[in-house]
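The values are calculated or read from the model by the stated rules, or taken from the named source; none is laboratory data. Fair warning: this is a prediction, and the values are worked out from it, not measured in the lab. Don't worry about glycine lacking a Cβ; one is built from the backbone with ideal geometry, like all the others, and counts go over all protein chains shown. Note: areas computed on protein heavy atoms with side chains; ligands, DNA, RNA excluded. Shrake-Rupley method; radii C 1.70, N 1.55, O 1.52, S 1.80 Å.
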Amino acid sequence: MRQGGGSMIRWLLAAALAVAPATVIAKAPSASIEARLQRVADELAIQRILVDYAAFLDGRDYASYAGLFTPDGEWTNAVGSHKGRDAIRQMLEGTLGPAGAPNRSNYHIITNPRVDLDGDRATATSRYLFVMRGPDGSPVPSLAGVYHDELVRQDGKWLIKRRVADDIMPTPEEWRKIIASQQPAK
């Protein structure tokens, strides 16, 4: 009898474990299909911003790049901070040259996007790799790091409120030395 009772207990335990997830799901508040679809659309829209950011930057389309930010948006890294679309556009021109100039010397790769939504606000992180043309013309990974973004939905459109570029390899100090060594002598 003891053996039969043990098998009954094992059977009941197995049945309880099989039904438990369904019970938890039934008790959890479930979002409507519309709400779930909106969440997916929001995540895709934000991921598109991350991709467009690199495409506009590499294409030297600074107006479109700055348009990804709110009017008072901020771009920050270890070197400094630039607030507002005009300041961001001027930073790009000072760093990369005039808008619209052909770019055959570098590009950005954006990976591992993670988006967390909270109504009309969101945060996102993504990794970046900046690739430059090497002395022999070969692509050389030059700078890697993580973007930390705060985004807001304004007038139905997602925009970057604040982006922090956290350079990891090389360090910001090492990167400044690399860039300084590549500048023409004055």
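When 129, 96 are screened for being open to solvent by 30 Å² or more (accessible area, probe 1.4 Å) and closer than 15 Å to residue 62 by Cα, only 96 passes.
Taking (1) surrounded by fewer than 12 Cβ atoms within 10 Å (Cβ to Cβ); (2) modelled with pLDDT of 95 or more; (3) among the charged types (D, E, K, R) in turn, residue 173 satisfies each apart from (2).
From the list 137, 94, pick out the single residue that is in a loop (DSSP other than H, G, I, E, B), out of contact with any strand residue (DSSP E or B) (no Cβ under 8 Å at 6 or more places or on another chain) and modelled with pLDDT under 95.
Selected residue: 137, the only one of 137, 94 that is in a loop (DSSP other than H, G, I, E, B), out of contact with any strand residue (DSSP E or B) (no Cβ under 8 Å at 6 or more places or on another chain) and modelled with pLDDT under 95.
Scanning the range 155-170 for residues that are open to solvent by less than 30 Å² (accessible area, probe 1.4 Å) and among the hydrophobic types (A, V, I, L, M, F, W, C) gives 158, 159, 160, 165. With the condition kept exactly as written, say whether any residue in the range 156-169 is free of Cβ contacts under 8 Å to residues at least 12 places away in the same chain, under 21 Å from residue 59 (Cα atoms) and in contact with a Gly (Cβ under 8 Å, 6 or more places away or on another chain). Checked the range 156-169: no residue is free of Cβ contacts under 8 Å to residues at least 12 places away in the same chain, under 21 Å from residue 59 (Cα atoms) and in contact with a Gly (Cβ under 8 Å, 6 or more places away or on another chain). Does residue 37 fit the bill of being modelled with pLDDT of 50 or more, within 30 Å of residue 100 (Cβ to Cβ) and surrounded by 10 or more Cβ atoms within 10 Å (Cβ to Cβ)? Against the criterion (modelled with pLDDT of 50 or more, within 30 Å of residue 100 (Cβ to Cβ) and surrounded by 10 or more Cβ atoms within 10 Å (Cβ to Cβ)), residue 37 does not qualify. Against the condition in contact with a Pro (Cβ under 7 Å, 6 or more places away or on another chain), aliphatic (A, V, I, L, M) and open to solvent by less than 60 Å² (accessible area, probe 1.4 Å), how does residue 152 come out, does it pass? The answer is no for residue 152. Selection within the range 61-81: residues that are of a type in the set (Phe, Trp, Tyr) and more than 16 Å from residue 51 (Cβ to Cβ). The member of this set that is surrounded by the fewest Cβ atoms within 10 Å (Cβ to Cβ) is 62. Annotation note: of 147, 107, the sole residue that is under 30 Å from residue 35 (Cβ atoms) and either surrounded by 12 or more Cβ atoms within 10 Å (Cβ to Cβ) or among the β-branched types (Val, Ile, Thr) (or both) is 147.
Pairs are defined by a Cβ separation below 8 Å, a sequence spacing of at least 6 or placement on different chains, a first member in the range 42-63 that is on the phi > 0 side of the Ramachandran plot, and a second member that is surrounded by fewer than 17 Cβ atoms within 10 Å (Cβ to Cβ) and in a helix (DSSP H, G or I); the pairs so defined are 60/96. The test for being without any contact (Cβ under 8 Å) to a residue 60 or more places away in the chain and on the phi > 0 side of the Ramachandran plot does not hold for residue 104.
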